[in-house]
Amino acid sequence: MKVVGQVIRIKEPFAFVRSVRPASCEHCANSGICNKKEVDICAYNDIGAEKGDYVTVETHEDKTAPLILSYLFLTPIAILFLAYFLYTVFPWLALGAIPLTAVYYVILRKINENHPIRARIISPALPPKDCADLVTGSSEDSTL
């Protein structure tokens, strides 16, 4: 899928692009995850875009996103319930949640390091206002 957005931040070799969520997102498998009007996309900055530039970003569907988000949000809840259960059995066993939380954090860091970014800036783009002028045929320059 290709979207047009504005570069809001640069962190080499990536650019963070803010874009209005396109209508085609409704059919995406990950649409329930990012249910917002605007999305920030971290994309490889191959063309050397600068902050404030409008660019076209090509994204690919990520089938592992629901699994990663499940781990991200459900594991701490499971650790909390396990700690409560252990506390009801023997209160000192609840301290077992501390190493579990540490293991959760280490795995989360590994996922962050190893999960590939599947977005790439492919070309510069016109700002949305300029695009609307091209479609309607109106322009501030074209006064006869």
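Report ³J(HN,Hα) in whole Hz for each residue of the range 92-105, in order, from the Karplus equation J = 6.51 cos²θ - 1.76 cosθ + 1.60 where θ = phi - 60°; Gly and Pro get x.
With the stated coefficients, the range 92-105 comes to 6, 5, 5, 5, x, 6, 5, x, 5, 5, 5, 5, 4, 5 Hz.
Given the range 65-114, what whole percent of its Cα pairs are spread farther than 14 Å? If you can, show how the numbers build up before the last one.
Working: 671 of 1225 pairs.
Within the range 65-114, distances greater than 14 Å cover 55 percent of Cα pairs.
Every number here is computed from the coordinates shown, using simple stated rules; none is lab data. Values in this document were obtained by computation on a predicted structure and should not be read as measured data.
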